[in-house]
1. Those residues that are open to solvent by less than 60 Å² (accessible area, probe 1.4 Å) and farther than 20 Å from T50 by Cβ, I need them from the range 126-135; list them, please.
2. Taking the range 8-44 as the region of interest, how many residues are of a type in the set (V, I, T), at pLDDT below 85 and not in a loop (DSSP other than H, G, I, E, B)?
3. In this structure, does A82 turn out to be at negative phi and at pLDDT 95 or above?
4. Does G126 meet the test of being in contact with a helix residue (DSSP H, G or I) (Cβ under 7 Å, 6 or more places away or on another chain) and not charged (D, E, K, R)?
5. When only residues in the range 148-161 that are open to solvent by less than 50 Å² (accessible area, probe 1.4 Å) and aliphatic (A, V, I, L, M) count, which is nearest to V23 (Cα to Cα)?
6. Could you please give the count of residues in the range 136-147 that are within 17 Å of L79 (Cβ to Cβ) and buried (at least 17 other Cβ atoms within 10 Å of the Cβ)?
7. Taking the range 91-125 on its own, how many of its residues are surrounded by 15 or more Cβ atoms within 10 Å (Cβ to Cβ) and in contact with a Phe, Trp or Tyr (Cβ under 9 Å, 6 or more places away or on another chain)?
8. Say we look at the range 24-36 and pick out the residues that are open to solvent by 40 Å² or more (accessible area, probe 1.4 Å) and touching a helix residue (DSSP H, G or I) at 6+ places or on another chain (Cβ under 7 Å); which of these is farthest from A157 (Cα to Cα)?
Amino acid sequence: MTIRLGGETFFRTMAILVLLIVVAGFGLLRITRWETMPLPSVWVMLHGATALAWCSFAVLQTQLIRARSFKTHMKLGSLGFAIAIAALAFGVIVTLGAAARNIAAGEPGIAAAETASQMVDFLSFGLAFILGFANIKKPQTHKRLMLASAIFMVPPAAFRLMVVAGLPIP
C-alpha cells in the first residue's frame with residue numbers, strides 16, 4: 001500500500017491543540033472549583049481518563065505518521081478504537097446519571113437539554129470516529145475524519161473554559 005503524506009504537521013498540531021483545550025477546560029475547572037465541586041464518581045473518572053487517553057492517543061498516532069511508522073500506527077489502531085468506545089460508553093453512563101439527578105431535583109427541562117446536547121456530541125464524535133476507522137484504507141479520508149472526531153471533544157471543554165473565565169453561558 002502506498003501512503004501519500006500531506007499536511008502531517010497540520011494534523012499533529014490540531015491534535016495537540018485539541019488535547020491542550022481538553023486538559024485546560026476540564027483541568028482548570030477542577031482546579032479552580034475544587035472547594036465547591038463534589039468529588040467525581042467512578043464513572044466520571046473513567047470517562048475523563050478514557051477521553052484524555054483518546055486525545056493523547058490521537059497525538060501519538062499523528063506523531064507516528066509523521067515519523068513514517070505506519071506499521072506501528074496501524075497496529076495501535078485497535079487500541080484507539082477500544083479507548084474511543086470506552087470513552088463513549090462511560091460518557092453515556094455519566095450523562096444518564098446527571099439526567100437522573102436533575103430529574104430527581106425537579107429540573108426535567110435541564111435534564112432534557114443537557115442530555116440532548118451531550119448525546120449529540122457523543123453521536124458526532126462516534127460517527128466521525130467510526131467513519132474514520134472504516135476508511136483506514138483511504139489515508140486522506142481517514143485522517144480528516146479522525147481529526148473531526150477529535151474536534152468534537154472541544155465544545156465540552158470550551159464550555160468549561162467559559163465557566164472558569166466567568167463568561168456568560170449561551
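1. Residue satisfying the conditions is N135 alone.
2. So in the range 8-44, the residues of a type in the set (V, I, T) come out as 9, 13, 16, 18, 21-23, 31-32, 36, 42, 44.
When the remaining residues are screened for being at pLDDT below 85, the result is 31-32, 36.
Adding the requirement that they be not in a loop (DSSP other than H, G, I, E, B) leaves 31-32.
Total satisfying the criteria: 2.
3. Details: at negative phi: yes; at pLDDT 95 or above: yes.
Yes: the conditions hold for A82.
4. Details: in contact with a helix residue (DSSP H, G or I) (Cβ under 7 Å, 6 or more places away or on another chain): yes; not charged (D, E, K, R): yes.
It is true that G126 is in contact with a helix residue (DSSP H, G or I) (Cβ under 7 Å, 6 or more places away or on another chain) and not charged (D, E, K, R).
5. Step one: list which residues in the range 148-161 are open to solvent by less than 50 Å² (accessible area, probe 1.4 Å), which gives 148-150, 153-154, 156-158.
Add one more test, that the residue is aliphatic (A, V, I, L, M), and what stays is 148, 150, 153-154, 157-158.
Numbers: A148: 18, A150: 13, M153: 11, V154: 10, A157: 8, A158: 10 Å.
Among those that are open to solvent by less than 50 Å² (accessible area, probe 1.4 Å) and aliphatic (A, V, I, L, M), it is A157.
6. Our first condition is that a residue be within 17 Å of L79 (Cβ to Cβ); within the range 136-147, this holds for 136, 142, 146.
Cutting the leftovers down to buried (at least 17 other Cβ atoms within 10 Å of the Cβ) gives us 142, 146.
Result for the range 136-147: 2.
7. 9
8. In the first step, residues of the range 24-36 are kept if they are open to solvent by 40 Å² or more (accessible area, probe 1.4 Å); the result is 26, 28, 30-36.
Filter again for touching a helix residue (DSSP H, G or I) at 6+ places or on another chain (Cβ under 7 Å), leaving 26, 28, 32.
Numbers: F26: 6, L28: 10, T32: 14 Å.
Filtering first and then ranking leaves T32.
The values are calculated or read from the model by the stated rules, or taken from the named source; none is laboratory data. This structure is a prediction, so every number in the text was calculated from the model and none was measured. Positions of Cβ are generated from backbone atoms using ideal geometry, with glycine treated the same way; all protein chains shown enter the neighbour counts. Quick note on the areas: whole protein, heavy atoms, side chains included, nothing else; ligands and nucleic acids left out. Shrake-Rupley method; radii C 1.70, N 1.55, O 1.52, S 1.80 Å.
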